[in-house]
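Structure first, then comments.
The values are calculated or read from the model by the stated rules, or taken from the named source; none is laboratory data. These figures come from a predicted structure and were not determined experimentally. Cβ placement follows ideal geometry from the backbone for every residue including glycine, while neighbour counts extend to all protein chains displayed. Note: areas computed on protein heavy atoms with side chains; ligands, DNA, RNA excluded. Shrake-Rupley method; radii C 1.70, N 1.55, O 1.52, S 1.80 Å.
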Protein chains: 2
Amino acid sequence: MHCGEMGSRWGFNRTVGQMYGLMIINEEPLTAVDIAETLNISRGNVSMGIKELQSWRLISVTHKPKDRKEYYAPAGSIWDMAIRVFEERRKREVDPTLSLLRDNLLDEPSTEQETYAHKQLLEIHDLLETVTEWAGELQTMNPENLTTLMKLGSGVSKVLDIKDKLLANNS
Amino acid sequence: MHCGEMGSRWGFNRTVGQMYGLMIINEEPLTAVDIAETLNISRGNVSMGIKELQSWRLISVTHKPKDRKEYYAPAGSIWDMAIRVFEERRKREVDPTLSLLRDNLLDEPSTEQETYAHKQLLEIHDLLETVTEWAGELQTMNPENLTTLMKLGSGVSKVLDIKDKLLANNS
DNA sequence: GTATAGTTTCACTAATTACTGAAACTTCAG
DNA sequence: CTGAAGTTTCAGTAATTAGTGAAACTATAC
């Protein structure tokens, strides 16, 4: 069961990773007590972990009839999970960076030193913006197209060439 | 100068982020002492930070004639920087996850429970592998093509349709 | 060689982050 | 309304991670 530890590399802490790993591996939804006992962690810690996973929109809660317990399970498919982790990390890492950069770009540079700094910040800002916009668009594409695109790999360049030729012919 | 703090979100700790921010903002290369004084951190801490940044392949060291000091500056363009952070994070986060998954997939499942777990792990593994392979291929593409691709955004699906039609015609 | 100007290391301390468990809270059946 | 079965909160503690600074180390000029 220790394999859940790999989650520790993915933006949440060790126990939260283990908790989620456990849910993924188990076909049946689990109760908070199941989790606490399997992982040998305190009940309170599980509660906090659940909250964290919910903030990542990674789990769904169900109830069994005649039972007051809450049952937790991963929300959606593995693919959904990846999208969400990706999205949330963008929100937590990239977006704050972007707004910090924007704030700084508002100040007009007065010295030469500042002009250079300004230029550099602008470059970072634009790069980050392009990349995240693009990533956002990829996410809205349907999964099949995305898979095609990925299978294509570096063949993408060839397709782009084809496109250019088509446009040239049409004009 | 506190704006360098945003680096704290990007995989290294606060001071290392500040150090790198400082180098990006300054046109001229800096010495270890410059950095320590500007950021009010100890000389030893700077040395460790330099080491860390070097392990990310993010800085280059130069020497001035008649001067024994080492001068540090960001290695390469902003674009290079992004590629490197991306690549290094893949190495540190994704690759270990993949090899952990592979290890686990070697064990043949014996119970039904394990069969399910096995299936889930396989799915995660395949997804991660596809995505990282693709990301790797994107990196080898020349920047212009990449920009075209990004500008295209979700229009990519249209190009793929065109490609499919072309292939259909050729057959 | 040796004095000097620099860098690196590392044991120690500080700061941050994660975990525990008991108490407070919620919900619902009877 | 009561209490049983559950969840959440949070103050305190443990564990981890980051930072310091003095001592050890290196390289070079003379």
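The table that follows gives values for the structure above.
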| quantity | calculated |
| --- | --- |
| Label-point separation, B:Glu123 to B:Asp95 (7 Å along Cα→Cβ), nm | 2.8 nm |
| Part-to-part distance (alpha-carbon centres) for the range B:120-171 and the range B:20-58, which is given in Å | 38 Å |
| Candidates B:Ser55, B:Ser157, B:Ser42: whichever shows maximal mean-square fluctuation once chain B is modelled as a Gaussian network with Cα springs under 10 Å | B:Ser157 |
| Inverse mean reciprocal Cα-Cα distance (Kirkwood Rh) of chain A, Å | 19.9 Å |
| Electrostatic dipole magnitude of the range A:76-143 [Cβ: Lys, Arg +1; Asp, Glu -1; Cα centre; debye, to 20] | 380 debye |
| Net charge of Cβ neighbours under 10 Å - reference A:Leu152; Lys, Arg +1; Asp, Glu -1 | +2 |
| Contour excess over end-to-end distance, with Cα ends at B:Val33 and B:Asp107 and 0.36 nm allotted per residue | 21.3 nm |
| Span-rule helices in chain B, defined as complete DSSP H runs reaching 30 Å or more along the axis (Cα) with Kyte mean at least -1.0 | B:112-140 |
| Solvent-accessible area per residue for the range A:76-143 (1.4 angstrom probe, square angstrom) | 56 Å² |
| Given charges at Cβ of Lys, Arg, Asp, Glu: the range A:2-74 dipole, positive-most of A:Leu22, A:Ser8, A:Asn45 | A:Asn45 |
| Accessible-area value, B:Thr130, 1.4 Å probe, nucleic acids and ligands omitted, Å² | 50 Å² |
| Estimated FRET transfer efficiency when R0 is 25 angstrom, pair A:Thr132-A:Ile162 (beta carbons, to 0.05) | 0.35 |
| Translational diffusion coefficient (Stokes-Einstein; Kirkwood radius from C-alpha pairs) of the protein assembly as shown at 10 °C, 1.306 mPa s, in µm²/s | 68 µm²/s |
| Difference of contour (0.36 nm per residue) and Cα-Cα distance, B:Gln54 to B:Ser8 | 14.9 nm |
| Portion, in percent, of the accessible area of the range B:78-144 that falls on carbon or sulfur, probe 1.4 Å | 55 percent |
| Surface per residue (accessible, 1.4 Å probe) for the range A:2-74, Å² | 55 Å² |
| Average silhouette area of the range A:2-74, convex hull of alpha-carbon atoms, in square nanometres | 4.5 nm² |
| Total charge dipole magnitude, the protein assembly as shown, about the Cα centre, Cβ charges on Lys, Arg, Asp, Glu only, Debye to nearest 20 | 220 debye |
| Per-pair calculated FRET efficiency, R0 = 35 Å: A:Ala82 and B:Asn169 via Cβ, rounded to 0.05 | 0.50 |
| Accessible surface buried once B binds A (1.4 Å probe; total of both sides; Å²) | 5100 Å² |
| Those residues of the range A:69-99 for which accessible area with every protein chain present is at least 20 Å² below the isolated value (1.4 Å probe) | A:Ile78, A:Trp79, A:Arg89, A:Glu93, A:Pro96, A:Thr97 |
